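These notes concern the structure reproduced below.
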């Protein structure tokens, strides 16, 4: 069980936007509350306290594990070809039809999948081991079948990757390792 964190003393940032639903993000290691205009931040913090505490603990562990992680050296063309091959293979397996592949610098994520089915991959993913590249590509292609991270989505992921939580934590560790090298 993660240590109890007093939500009121927990470091966080708040942004109010013209959105319908609140969002809680830990992309940088600091909690960011993205709230609809007029939303009560205290209510959201109390409602999601357990989730915040769990994420805080995961990030703390990831930062510790990051110290021992090694990067892989790949040429950009090798990385592009690897990702293209994975997209072909996994899209057949999943029965989906992806759009175009884009590889670019991304600020807060490893990859994304657009509504048009285009897959964008963070250039920094090229520094990670093959098993994590495979996981990220499969994860994004699974979004062509299941847009949200709901039970159906995770069931699909678990058919291919037995324990995605371990991979997610490893990705988190690499994310913080990369932040130290910038």
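Each row is one residue, and each column tells you yes or no for (1) touching a helix residue (DSSP H, G or I) at 6+ places or on another chain (Cβ under 8 Å); (2) surrounded by 11 or more Cβ atoms within 10 Å (Cβ to Cβ); (3) modelled with pLDDT of 90 or more.
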residue: 7; (1), (2), (3): yes, yes, no
residue: 20; (1), (2), (3): no, no, yes
residue: 23; (1), (2), (3): no, yes, yes
residue: 36; (1), (2), (3): no, yes, yes
residue: 61; (1), (2), (3): yes, yes, no
residue: 70; (1), (2), (3): no, no, yes
residue: 80; (1), (2), (3): no, yes, yes
residue: 93; (1), (2), (3): yes, yes, yes
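Restricting attention to segment 25-38, the residues that are part of a strand (DSSP E or B) and over 19 Å from the mean Cα position of the chain (by Cα) total 2. On the given criteria, is residue 72 under 26 Å from residue 124 (Cα atoms) and outside any loop (DSSP other than H, G, I, E, B)? Here the answer is no, as residue 72 does not meet what is asked. Does any residue of segment 39-51 turn out to be surrounded by fewer than 14 Cβ atoms within 10 Å (Cβ to Cβ), touching a helix residue (DSSP H, G or I) at 6+ places or on another chain (Cβ under 9 Å) and either in the same structural domain as residue 173 (by TED's automatic domain parsing) or not in a helix (DSSP H, G or I) (or both)? No: segment 39-51 contains no residue that is surrounded by fewer than 14 Cβ atoms within 10 Å (Cβ to Cβ), touching a helix residue (DSSP H, G or I) at 6+ places or on another chain (Cβ under 9 Å) and either in the same structural domain as residue 173 (by TED's automatic domain parsing) or not in a helix (DSSP H, G or I) (or both).
Just checking, does segment 123-135 include any residue being touching a residue at least 24 places away in the same chain (Cβ under 8 Å), under 12 Å from the mean Cα position of the chain (by Cα) and farther than 19 Å from residue 75 by Cα? Yes, that holds for at least one residue. Filtering segment 98-113 to residues that are touching a residue at least 40 places away in the same chain (Cβ under 8 Å) and either in contact with a helix residue (DSSP H, G or I) (Cβ under 7 Å, 6 or more places away or on another chain) or more than 22 Å from residue 153 (Cα to Cα) (or both) leaves 98, 110.
Report yes if residue 120 is assigned by TED's automatic domain parsing to the domain that holds residue 171 and either under 22 Å from residue 25 (Cα atoms) or touching a strand residue (DSSP E or B) at 6+ places or on another chain (Cβ under 9 Å) (or both), otherwise no. Judged against the criteria, residue 120 is a match.
The values are calculated or read from the model by the stated rules, or taken from the named source; none is laboratory data. Everything numeric in this text was worked out from a predicted model, so none of it was measured. Here Cβ is always computed from backbone atoms with ideal geometry, including for glycine, and neighbour counts include all displayed protein chains.
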